[in-house]
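Report on the structure given below.
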Amino acid sequence: MIKVLIPYALRSFTDRNAEVEVNGKTAGEALNALTGIYPDIKTHLFADNNSLRDFINLFIDGKNINTLQGLDTPIADNGELMIIPAIAGGTNGFGTNAYK
């Protein structure tokens, strides 16, 4: 089994579970298993063409799968897949008139 770590922002789609155990041999198989259990999370992870959304990062053993084999990156049995959505926003400290 693979443990998928769910970020707080997506837990409303996993019955508030912070971790979900799934079967799979790759990151893609693990995510497909996750979306099979919790279908509502799929649109938050995948674009219409079934590719991973740009703002979703996946880590296996602390390594971003984008620097490995992408969704084909193997995961060892009893491994961990961490979902990390990119966070944006904030202010540059100049207030709302900075670009007027």
Gyration tensor (alpha-carbon) shape descriptor, the chain, a/c threshold 1.5: prolate
Estimated FRET transfer efficiency (ASN78, THR43; beta-carbon r; R0 30 Å; 0.05): 0.55
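Test of understanding: what is the full-extension gain from PHE55 to ILE87, defined as 0.36 nm times their sequence separation minus their Cα-Cα distance?
Length gained, PHE55 through ILE87: 10.7 nm.
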Of THR43, THR35, THR67, the one that fluctuates the most in a GNM where the chain has Cα springs shorter than 10 Å: THR67
GLU19/GLN69 FRET efficiency (R0 22 Å; Cβ-Cβ; nearest 0.05): 0.40
Relative packing of 48-58, 17-27, which averages over residues the other C-beta atoms within 10 Å, highest first: 17-27, 48-58
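Any read-out appearing in this document is the output of simple, stated calculations on the displayed coordinates, not a laboratory observation. Computed from a predicted model, the values in this text were never measured in an experiment. As a convention, Cβ positions derive from the backbone with ideal geometry for all residues, glycine included, and neighbour counts pool all protein chains shown.
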